Amino acid sequence: MIERREFGYFTFGQKVMVRHISLKNPSELFNMIKKVTPLHIYHSAAYYQYPQAPMEEKVWLGAELIFDIDADHLNLSCKENHDFSICEDCRSLLPSKSERCNNCGSVRIRRTDWVCENCIETAKKEVYKLLDFLEKDFGIPSSKISVNFSGNRGFHIAVNDEKLFMLDQTSRKEITDHILGSGLDPAYHGIPVNRKHYPITFDYTDASWKGRLAKTAFEVIKGLQKPNIAERMIRLIGKREYSKLLQIRDSWLASPKWETLKPNIVKAIITLAVEEVRSMIDTIVTTDIHRLLRLANTLNGKTGFLAKKLELDTLEQFNPFSEAVVMPEDLSEVRIIYMPKINVCGEWYGPYRNSVVRVPTHLAVLLLCKGIATLA
Ligand SMILES: [Zn+2]
Ligand SMILES: [Zn+2]
């Protein structure tokens with residue numbers, strides 16, 4: 001169905017996407033790539049009668065159901081440690097959210113996102129949660145689902161199932177609401193958090209939200225002392241209530257009776273359970289029925305890494321810092337403004353600050369793409 005897709009690309013140097021391109025077959029695609037050597041290349045998730053026509057004349061025939069999971073949207077604490085900014089004028093190294101250089105006062109700031117193993121591993125967990133929803137709640141067979149590494153900090157998931165092609169924006173929004181647990185009322189899942197006189201009836205065998213909440217609520221209580229749970233719990237119920245809960249935790253777990261917990265405590269536990277269960281997909285991507293997606297197995301121009309198509313059973317082991325590296329290993333000399341440390345192909349590099357260094361070309365390309373180094 002390549003002939004029904006719209007293609008688009010960015011060239012090196014130009015900031016406007018060349019789009020509304022129609023290609024008849026894979027060899028036309030290869031020829032185009034060879035001719036224009038794009039920095040980024042995309043195709044539509046949608047199928048059109050006339051892919052080359054302006055938007056309003058394309059005649060939309062349906063679209064794959066797509067999802068985007070990006071570590072950037074997961075509120076990760078590692079982000080603070082590794083993201084940074086650089087002043088374009090005096091080249092000072094600045095905290096990531098700086099808007100003005102604290103050395104020279106310039107507002108020409110280059111924000112640089114970095115990626116680490118934690119970013120990737122956390123994004124993977126979100127992918128697994130999403131796959132669980134797609135397979136169990138929506139009955140989509142794994143054979144219809146494809147997962148691609150984005151080439152940067154996340155994953156793209158596409159469902160290619162004709163039965164779903166005609167879903168409109170509203171239906172796709174309902175799917176994202178379900179996966180994100182937006183507007184979820186625990187009372188409909190056996191947990192009337194605000195009505196203490198109703199019995200709480202957890203159902204651990206249920207395959208959807210009901211069962212997930214039941215299991216995860218226990219995990220939350222068990223993991224009360226884990227820093228990320230403790231912190232969020234204290235924010236919801238305060239330090240005093242949290243300490244009290246921690247004191248009774250073991251005896252409660254030995255003989256769990258939900259009715260013995262105060263409604264506000266149950267509510268907080270369920271709030272955290274929802275946060276654990278949902279998959280943090282980007283709603284805008286899924287509900288946009290004209291979205292362009294990065295073409296799988298092409299280079300991401302922000303990193304020089306391969307936006308690699310993955311097999312579902314290899315996702316867990318997937319390490320982009322070696323498996324998505326396709327540029328040569330031989331050394332290139334670069335003048336690096338700043339680079340946090342990174343492990344690529346099993347070797348640690350950096351951190352570097354204002355240095356001229358010989359690094360493997362794949363790492364040099366990453367730095368050049370990010371604009372934090374120049375060829376020496
Ligand atoms: Zn400056
Ligand atoms: Zn990270």
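Computed from the coordinates by the stated procedures, all read-outs in this text should not be read as laboratory data. From a predicted model like this one, the values you see are computed outputs, not experimental measurements. Backbone-built Cβ (ideal geometry, glycine too); neighbour counts: all protein chains shown.
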Between the modelled labels at K136 and E80 (7 Å from Cα along Cα→Cβ) the distance in nm is 3.3 nm
Mind giving me the nanometre distance, one decimal, between the label points for D177 and E259, set 7 Å out from Cα along Cα→Cβ?
-> 3.3 nm
Can you give the relative contact order of the chain as a percent, counting alpha carbon pairs under 8 Å and 6+ residues apart?
-> 17 percent
Unit charges at the beta carbon, dipole of segment 58-171: most positive-side option, A63, L164, S96 | S96
Total charge dipole magnitude, segment 186-277, about the Cα centre, Cβ charges on Lys, Arg, Asp, Glu only, Debye to nearest 20 | 320 debye
Ordered by fewest other Cβ atoms within 10 Å, a rough proxy for footprinting exposure, R4, R100 read R100, R4
Looking at segment 215-269, which trypsin sites (Lys or Arg not before Pro) are DSSP coil and have at most 11 other C-beta atoms within 10 Å of their C-beta?
-> K257
Projected label distance in nm at K226 and T205, using a 7 Å step from Cα toward the beta-carbon | 2.7 nm
Gyration tensor (Cα) of segment 327-376, equivalent ellipsoid semi-axes in angstrom = 14, 12, 9
Calculated [θ] (222 nm, deg cm²/dmol) that DSSP helices of n ≥ 4 give over the chain, each run adding -39,500 (n - 2.57) | -10000 deg cm²/dmol
Going down the table (K163/K222; K35/K124; K144/K173; K35/K308; K163/K302), which pairs top 32 Å between alpha carbons?
-> K163/K222; K35/K124; K163/K302
Placed amide H near S355: partners under 5 Å, 5+ positions off or other chain | I336
Just L292, L261, L167 to compare: in a GNM of the chain, with alpha carbon springs under 10 Å, which one fluctuates most?
-> L261
How far, in nm, would the chain grow between K125 and R111 when pulled straight, counting 0.36 nm per residue and subtracting the alpha carbon separation?
-> 2.4 nm
Charge context of R110, other residues only, Cβ under 14 angstrom, K/R +1, D/E -1 | +2
Neighbour cut-off at most 12 other Cβ (10 Å), DSSP loop, GluC sites (Glu not before Pro), segment 53-116 = E99
So which trypsin sites (Lys or Arg not before Pro) in segment 286-376 pass both tests, a DSSP loop state and at most 15 other Cβ atoms within 10 Å of the Cβ?
-> K341
Please order C78, C116 by the number of other Cβ within 10 Å, starting at the fewest.
-> C78, C116
Hey, with R₀ at 45 Å, roughly what FRET efficiency would E347 and I248 work out to, going by the Cβ-Cβ distance, to 0.05?
-> 0.35
Tell me which aspartates and glutamates have Cα within less than 19 Å of K215's Cα, excluding those fewer than 8 residues away on the same chain?
-> E126, D132, E135, D137, D185, D203, D206, D250, E259, E275, E276
Calculated Rg and Dmax of segment 186-277 using C-alpha coordinates, Å = 12.2, 35
D288, D177 arranged by Cβ crowding within 10 Å, fewest neighbours leading | D177, D288
Note: the chain at 37 °C, 0.692 mPa s; Kirkwood Rh on alpha carbon pairs; Stokes-Einstein D in µm²/s works out to 140 µm²/s
Relative contact order for segment 186-277 using alpha-carbon pairs under 8 Å, separation at least 6, rounded to a whole percent?
-> 36 percent
Normalised contact order of segment 327-376, rounded percent, pairs of Cα under 8 Å and 6 or more residues apart = 48 percent
Mind checking which of F12, L295, M1 is farthest towards the positive end of the chain's charge dipole, using Cβ charges of +1 (Lys, Arg) and -1 (Asp, Glu) about the Cα centre?
-> F12
